[in-house]
Amino acid sequence: MSELFAAPGDWYSCVVPAAYKPPQRSRRQWLLSLFLFGALVMMSFVFLLNPQRESEQKYASAKSVPLSEITQGYSAGKFQKILIRDNKVYATQKNGDMLQSYKEANDTVSQLGWNNPKNTTVVEVENRETMDLLVAALPDLLFFILIIGGIIWLFRGVARSQSTALSFGKSRARIADARQVKTRFADVAGAEEAKEDLVEVVDFLKNPKKYTSIGAKIPRGVLLVGAPGTGKTLLARAVAGEASVPFFSIAGSEFVEMFVGVGASRVRDLFMKAKRNSPCIIFIDEIDAVGRQRGGAGFGGGHDEREQTLNQILTEMDGFEQGTNVIVMAATNRPDVLDIALLRPGRFDRRIFIDKPDLVAREKILEVHSRNKKLAKNVNLADIAKQTVGLTGADLENIMNESAIFAAKRRHSTVAQKDVVDAVEKVTIGSEKKSRKLSVHEKEITAFHELGHAIVGHLCPESDPLHKISIVSRGSALGVTWFLPQEDQYTTSRSKFLDEVCGLLGGRAAEQLVFSEITTGASNDIERASQIVRGMAMRFGMGDDDLGIVSYGEKQGTIFLGADPSMSRNYSEEVAKQIDSFVRKTIQEQYERALTFLRTHRKKLDQLSKVLLEKETMTVEEFLEVFEGKKPQPKQEKKEESDEEEEG
């Protein structure tokens, strides 16, 4: 409330936010507003502010008398003033009384004898014919002006529609320069190789003689390839911010319309504008919308709108005209569906692959997205980077935003480590569903199921380290067990695949061992285990000797639908039986292995279940304290410090 009592010069900023900008009006709107305001003032003056209304109210109480009585009073000098208004006569006596009478329309002051210069009575004649004529003609005049204005508005609307139809094939690209785009290469982390290639492109545009003097040619096109969320569009914005040249930005879907030929027309107009503003950069986001392979699968043909648009892009990028100094940047996450002619050198000379960030890159990305956030001193972004293996830059940005939301909801002045950890769990797995109430029996089944995953995974040597166990519902899962790798892994061994399958089957094995019954809770585990083993047999050559080192199945996908490639059979029925036999045998072996682990540590399983049912969430330190009798390291350090203080 104190902000409302600011200085008089600051009253506007107190009421209206600083980000608010009043709407901009065109000249036509200002003229229309001015006309309406003038008409309103005129009508108010005529009907409301007319000074004759006051005089009529003043003489409303006048006494009606014959005209002769007023003439006699004038001769006797009884009146102070006589007002003649049309055919009405108002006389004001010296004592303040008022008289009223009527005269003939043709009678003048001299005919009435009221023009004696020796008489001190003031005789005033008021002519209202002009005012009455204005009042009578004003409605007709306003109606006429409105009719004329409506006709002009209709003609202008027709003109606008015609201009819109004529500009239908114009490019809708947005033009930006370094002053409008605030993103710089310093704001992009985790893609150092991609930035190096793009820095060369920007430097070529700024200093072309540096390269042309030794015979180098400017690259025609740069294709950014990467999974969704890896920062392709962010890199393009950084190029726009770093380059001091015009930057045309457009999406691939903006070329295609329901009318044939519009896309090609917009491509021609876009490149025409770019050539007039060269050197410049054209950025086409999601180019796979128009750059898909031509023909194929019986779709489209030579007259298809997408093909015409693509043909125009190919012609503009590598036509007869040379040395235009126009660089085309494009981004896509589906390079497999792009046309071959679009990818050849001379059109897209550089293909920059943007991978998901590694451990070091994730930490840098987290630092970039935490610049504008108040972090507590205990926040360790390196630990958060270890917990986010496989996430993209967009996921990490979302995590930091969710952590700030958690801190605000919990009324923290800064973002604490717990806020960031909870944000990681929310983004990767889902929010806690505290409203989902499980029965006591279902809760016990869930606890033993998750502990089965934890114990078997902990005992498998190639499994990722255990991180946390929880029986709080998240998303569609009743419980969750986290296994987080300590470092990025780019290859996977056969033994690691088998240990991962064994850990997935540990939940079902625990249910069968403890309750002599199985539930539907392991459906997703069985599905994932089957996919891993089938991939070992069909993709990686990790099957038995009968299958050999052969890849089975071919990837196929429809071009225009953009579906993920599906597998088609290129093997016989006998091989299919061998694959099914290998999958069934391997899963059964790992299931028996998980049962063996749990039978060996059945007492530990029961002890851990009591702790988990009580706490609902168990960290790896608490798990090891029960399973191996290890006390958490931080507690030991604190105890040693306290012992030293006592000895001192």
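The values are calculated or read from the model by the stated rules, or taken from the named source; none is laboratory data. Everything numeric here is computed off the predicted structure, so don't read it as measured data. A quick note on method: Cβ atoms are made from the backbone with ideal geometry, for glycine too, and the neighbour counts reach across all protein chains shown. The protein model used for the area step is the full one, side chains on, heavy atoms only, and it has no ligands, DNA or RNA in it. Shrake-Rupley method; radii C 1.70, N 1.55, O 1.52, S 1.80 Å.
Determine the shape class of region 419-472: with a ≥ b ≥ c the square roots of the Cα gyration tensor eigenvalues, call it rounded for a/c under 1.5, and otherwise prolate if a/b is greater than b/c, oblate otherwise.
Working: a/c = 3.56, a/b = 1.14, b/c = 3.13.
The shape class here is oblate.
Per residue, how many Å² of accessible area does region 201-289 show with a 1.4 Å probe? Write out the running numbers ahead of the final one.
Values: 3580 Å² over 89 residues.
Per residue, region 201-289 has 40 Å² of solvent-accessible surface.
Run the Debye formula on the Cα coordinates of region 57-100, all scatterers equal and no solvent, and tell me log10 I(q)/I(0) at q = 0.21, 0.24 1/Å.
Reported log10 I(q)/I(0), two decimals: -0.61, -0.80.
Using only the Cα atoms of region 304-410, what are the Rg and Dmax in Å?
21.1, 64
By per-residue mean of other Cβ atoms within 10 Å, what is the highest-first order of 356-363, 519-526?
Descending packing order for the listed peptides: 356-363, 519-526.
Taking the solvent-accessible surface of protein heavy atoms with a 1.4 Å probe, what is the per residue accessible area of region 455-512 in Å²?
About 40 Å² of surface per residue is accessible.
Mind pulling the per residue volume of the convex hull built on the Cα atoms of region 491-561? Å³ is fine.
Looking at region 491-561, the number lands at 140 Å³ per residue.
Take the Cα radius of gyration of region 429-531 and divide it by 2.2 N^0.38 Å, with N its residue count; two decimals is plenty.
The reported ratio for this selection is 1.09.
For region 359-451, with every protein chain kept in place, what is the accessible area per residue (1.4 Å probe, Å²)?
53 Å²
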